[in-house]
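Written out below as structure tokens is the structure these notes cover.
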Amino acid sequence: MLDTPQTIAPRSAQRLEMGGVRIERLRAQEVTDSIYDDMDDVGSFVVRSHLVATKGLRLWNANDILSTRDCRDGDLAIFDGGRGWRVEQGAPSDVVRFQFPRAEVERFANENGRPGFETLVSEPGTVDLIIRGLSLAMLPSLMEPRSVEPAFVEHVLLAAMTHLTQNYGGLFYPPQRPGNLAVWQERRATEYLAAHINTHISISDLAAECGLSRSYFIRAFRLTFGTTPYKWLMEYRISRAKEMLKAGALIADVASACGFSDQSHFTRTFSSLTGVTPGTWRRQLL
């Protein structure tokens, strides 16, 4: 038995939480860095996705080292929290860590007509590029939490739970039959999105307005509009912003009125969707 290390590097400051699910980025960049990730979250599943190859990762249980191995880019590990697991990662390493409460995963399975969920299990050395891709999609939100869009984060988490429960939880979701939103649901969804242009919106709230589960609502919305609720809202915000810019409003006022955290966030989003900054776009009208 080896002594448990006493020096634990501080966690990365890049983290956020939604609906009890915690997302965190753990990086060791210097040669002398070493991060110890304790899976002491009782009642939760901890999912770790490696964004770069990592050498010499060590798995502890209580005071014992169980294994030392190299991890490939995209390596996935799932732990049942609260059982004494600890991972030691040195530099270079870059991991996105999801902590899913068991109750939230069970709720998701029940929503989708699969009440038989028991646990999540992955084999050592598993490479999962789907979870890696979803982890990469979370990096902008982790790096700038003030600009987080709840609808986008929730969409990513639902996609992750679908993939994890089907591939590592023994559940099977048959292909969904085509089904658009009903006319009243389509109208209610767009009215709700438009009415909350400058506030944070969650998929849960939207789905509840339409009387649907979150997963079914996302599928039906995409079939109806050809895009996700998050993208629809972003495009609507930019459309409204263009109207205000045409009317001569200050860019800072436009950003606030259209639900962006600040002028910088607005400028980045506007530029990504139009190819030019708000100021350039307005000058092009002259």
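Restricting the stretch 208-222 to residues that are open to solvent by 40 Å² or more (accessible area, probe 1.4 Å) and among the basic types (Lys, Arg), the residue that is farthest from TRP232 (Cα to Cα) is ARG219.
Results for (1) closer than 16 Å to THR228 by Cβ; (2) at pLDDT 90 or above, shown as yes or no for each residue.
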residue: LEU120; (1), (2): no, yes
residue: ILE131; (1), (2): no, yes
residue: LEU157; (1), (2): yes, yes
residue: LEU181; (1), (2): yes, no
residue: SER202; (1), (2): yes, no
residue: LEU206; (1), (2): yes, yes
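Just to be sure, is ALA151 surrounded by 15 or more Cβ atoms within 10 Å (Cβ to Cβ) and touching a residue at least 12 places away in the same chain (Cβ under 8 Å)? Yes. Per the listing THR199, THR227, THR162, the residue uniquely free of Cβ contacts under 8 Å to residues at least 12 places away in the same chain and either open to solvent by less than 70 Å² (accessible area, probe 1.4 Å) or touching a Leu at 6+ places or on another chain (Cβ under 9 Å) (or both) is THR227. A Cβ distance below 7 Å, combined with a sequence gap of six or more or placement on separate chains, defines the contacts here; from the stretch 63-86, residues that are at positive phi reach residues that are open to solvent by 70 Å² or more (accessible area, probe 1.4 Å) and of a type outside the set (Phe, Trp, Tyr) in the pairs GLY74/LEU129; GLY82/ASP40; GLY82/VAL42. If you go through the stretch 135-148 and keep only what is surrounded by fewer than 17 Cβ atoms within 10 Å (Cβ to Cβ) and under 16 Å from ARG48 (Cβ atoms), you end up with LEU136, LEU139.
Here is the figure for the stretch 243-271: residues that are in contact (Cβ under 8 Å) with a residue 40 or more places away in the chain and of a type in the set (Phe, Trp, Tyr) total 1.
Does SER204 satisfy the criteria of being over 24 Å from PHE117 (Cα atoms), open to solvent by less than 50 Å² (accessible area, probe 1.4 Å) and hydroxyl-bearing (Ser, Thr, Tyr)? Write out each step before concluding.
Numbers: over 24 Å from PHE117 (Cα atoms): no; open to solvent by less than 50 Å² (accessible area, probe 1.4 Å): yes; hydroxyl-bearing (Ser, Thr, Tyr): yes.
So SER204 fails the test.
In the stretch 125-134, the count of residues that are out of contact with any Lys or Arg (no Cβ under 8 Å at 6 or more places or on another chain), open to solvent by less than 20 Å² (accessible area, probe 1.4 Å) and either within 19 Å of SER202 (Cα to Cα) or part of a helix (DSSP H, G or I) (or both) is one or more.
The values are calculated or read from the model by the stated rules, or taken from the named source; none is laboratory data. For clarity, every value in this text was computed on a predicted model and none was experimentally measured. Positions of Cβ are backbone-derived with ideal geometry, glycine not excepted, and every protein chain shown enters the neighbour counts. Heads up: the accessible areas ignore ligands, DNA and RNA and are worked out on the full protein's heavy atoms, side chains in. Shrake-Rupley method; radii C 1.70, N 1.55, O 1.52, S 1.80 Å.
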